[in-house]
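Note sheet for the following structure.
The values are calculated or read from the model by the stated rules, or taken from the named source; none is laboratory data. Keep in mind it's a predicted model, so treat the numbers as computed, not measured. In this analysis, Cβ positions are derived from the backbone assuming ideal geometry, glycine residues included, and neighbour counts consider all displayed protein chains.
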Amino acid sequence: MDKQTEIELEAAAFRRLVAHLRERNDVQNIDLMNLAGFCRNCLGKWYGAAAAERGIELDPQQAREHIYGMPYDEWKAKYQR
C-alpha cells in the first residue's frame, strides 16, 4: 500500500471514530477514559497537536469543538451527567 492511501485510510477511520463518538453522546468521557485510556478531550488535544506540528494555529477550544461537533460547553450542558 502506498503512503498516500495509508494516510487516506487513517483519516477515514479517524472521521468515522469522531462521528461514532458524536452519535454516542450517552457514553461519558470518564467511561471512555476508564475503559480505553482516552476520551473526546484527548482526541481534541491530539488534533490540536497535529495542527501545531504542521504550523497551523488552532486554539484548544477549536480543536475540541471539531471533535464534539459543537462548543464543549454546549455538549456538557446537553449530555454530561
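Out of segment 38-60, which residues are farther than 19 Å from Q28 by Cα and not in a loop (DSSP other than H, G, I, E, B)? Even if it seems obvious, please write down each step before you answer.
Just the residues of segment 38-60 that are farther than 19 Å from Q28 by Cα, to begin with: 47-60.
Of everything in segment 38-60, those that are farther than 19 Å from Q28 by Cα and not in a loop (DSSP other than H, G, I, E, B) turn out to be Y47, G48, A49, A50, A51, A52, E53, P60.
Tell me, yes or no, whether segment 34-48 has at least one residue that is surrounded by 10 or more Cβ atoms within 10 Å (Cβ to Cβ) and at pLDDT below 95. No, segment 34-48 contains no residue that is surrounded by 10 or more Cβ atoms within 10 Å (Cβ to Cβ) and at pLDDT below 95.
At pLDDT below 95 and either of a type outside the set (G, A, S) or surrounded by 10 or more Cβ atoms within 10 Å (Cβ to Cβ) (or both): is that true of N25 in this structure? Against the criterion (at pLDDT below 95 and either of a type outside the set (G, A, S) or surrounded by 10 or more Cβ atoms within 10 Å (Cβ to Cβ) (or both)), N25 qualifies.
Yes/no matrix, rows are residues, columns are (1) touching a residue at least 12 places away in the same chain (Cβ under 8 Å); (2) under 19 Å from R16 (Cβ atoms):
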site	(1), (2)
F38	no, yes
A50	no, yes
R54	no, no
H66	yes, yes
K76	no, no
Q80	yes, no
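Scanning segment 1-22 for residues that are of a type in the set (K, R), surrounded by fewer than 11 Cβ atoms within 10 Å (Cβ to Cβ) and within 27 Å of P71 (Cα to Cα) turns up R15, R16. Pairs meeting the criteria (first residue in segment 1-23 and closer than 16 Å to A50 by Cβ, second residue small (G, A, S) and outside any helix (DSSP H, G or I), beta carbons under 7 Å, at least 6 apart or on different chains) are lacking.
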